[in-house]
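This report concerns only the one structure given below.
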Amino acid sequence: MERKKFLRSLLIGAMAGPAVLAACSKDEETTVTDPSGTGTVTSTGSSSSSCTVAPTETEGPFPTKVAASYSRSDITDGRTGYKMTAKITINSSCVPLAGAIVDIWHCDAEGNYSEYGGSGMQSTNYQSVHFLRGRQVTDANGIVNFTSIFPGWYSGRATHIHVHVYSSNGNSLKVTQIAFPEGSGTAVALVNGYKKGMTGYTYNANDNVFSDDMLKIEVATVSGSLTDGFALEMKINAA
């Protein structure tokens, strides 16, 4: 139901005219030349309206089984890949939400998740390990920081990060996902699917989660380089 309300609001905005749409437009794209010579990175901002409630998305099929066991900011846990830091700001009604519990998880460079495997959905068995999963509590500015690696991809999905936000007393506030900017000069293009390449990759426009995100609410800002690593920033309005 929340997704339907979100789409309905887009239609109302379109009917209201360009002034309304301009208030919710994406930040401008800024291309930054990488001095290391590994390429250029386009830093693409998500929707400029931090008051738009993030769409609710699926938590599965690989949610963290016991998230409270992984209270840590560095979630790398031995996985190799290009370094990535993630700064996530949680808001509620446009106000930074302090004391919120934020869980994130994503696949490794090869597209595999920890805590799962040995089945048709993921042949490699990683049931006994817990890499690329973590929990942090937001500070007074509603911010959590994680250190990880740039996610790989797997069949049927664009590059993404899962997020589950809870209130300070443990009530679920929002389950959503973070998308990555795509196209020439972006981090996704530079990483190029690691060893897998991009053949068979599903882009945001065709992804079953992100394809209806017309205002790019779920797209993070990502900057950096292969040499120095990448920095992701995302604002999520949980309510």
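The values are calculated or read from the model by the stated rules, or taken from the named source; none is laboratory data. All values reported here derive from a predicted model rather than from experimental measurement. Heads up, the Cβs are rebuilt from the backbone with ideal geometry, glycines too, and the neighbour counts pull from every protein chain shown.
Answer yes if at least one residue in segment 121-142 is of a type in the set (A, V, I, L, M, F, W, C), closer than 16 Å to T89 by Cβ and out of contact with any Leu (no Cβ under 9 Å at 6 or more places or on another chain), and no otherwise. There is at least one residue in segment 121-142 that is of a type in the set (A, V, I, L, M, F, W, C), closer than 16 Å to T89 by Cβ and out of contact with any Leu (no Cβ under 9 Å at 6 or more places or on another chain). In the set (1) surrounded by fewer than 21 Cβ atoms within 10 Å (Cβ to Cβ); (2) in contact with a Pro (Cβ under 7 Å, 6 or more places away or on another chain), the condition left unmet by G99 is number (2). Among the conditions (1) at negative phi; (2) of a type outside the set (A, V, I, L, M); (3) in contact with a Leu (Cβ under 6 Å, 6 or more places away or on another chain); (4) crowded, with 21+ Cβ neighbours inside 10 Å, S167 misses just one, which is (4). Filtered by the rule that a residue be in a helix (DSSP H, G or I) and over 14 Å from the mean Cα position of the chain (by Cα), segment 177-214 gives A189, L190, V191, Y194, K195, K196, A205, N206. Within segment 215-236, if we keep just the residues that are of a type in the set (A, V, I, L, M) and not in a strand (DSSP E or B), the residue that is farthest from I88 (Cα to Cα) turns out to be L226. Among the candidates G134, G117, the residue that is in a loop (DSSP other than H, G, I, E, B) and either surrounded by fewer than 21 Cβ atoms within 10 Å (Cβ to Cβ) or modelled with pLDDT of 95 or more (or both) is uniquely G117.
For segment 71-96, the set of residues classified as among the β-branched types (V, I, T), surrounded by 18 or more Cβ atoms within 10 Å (Cβ to Cβ) and in a loop (DSSP other than H, G, I, E, B) consists of I75, T76, listed by residue number. The single condition among (1) in contact with a strand residue (DSSP E or B) (Cβ under 6 Å, 6 or more places away or on another chain); (2) within 20 Å of A86 (Cα to Cα) that A239 does not satisfy is (2). Being modelled with pLDDT under 95, within 30 Å of G118 (Cα to Cα) and of a type in the set (G, A, S) holds for only one residue in G39, G60, G45, and it is G60. Looking only at residues of segment 189-239 that are small (G, A, S) and on the phi > 0 side of the Ramachandran plot, we find that the one that is surrounded by the fewest Cβ atoms within 10 Å (Cβ to Cβ) is G197. Selection within segment 161-176: residues that are polar (S, T, N, Q) and not in a loop (DSSP other than H, G, I, E, B). The member of this set that is nearest to A231 (Cα to Cα) is T176. Just one of the numbered conditions (1) in a loop (DSSP other than H, G, I, E, B); (2) closer than 18 Å to T56 by Cβ; (3) under 16 Å from the mean Cα position of the chain (by Cα) is not true of A239: (3). Annotation note: Cβ proximity below 6 Å between a residue of segment 109-129 that is in contact (Cβ under 8 Å) with a residue 12 or more places away in the chain and a residue that is hydroxyl-bearing (S, T, Y) and outside any loop (DSSP other than H, G, I, E, B) (sequence gap 6+ or interchain) occurs for A109/Y194.
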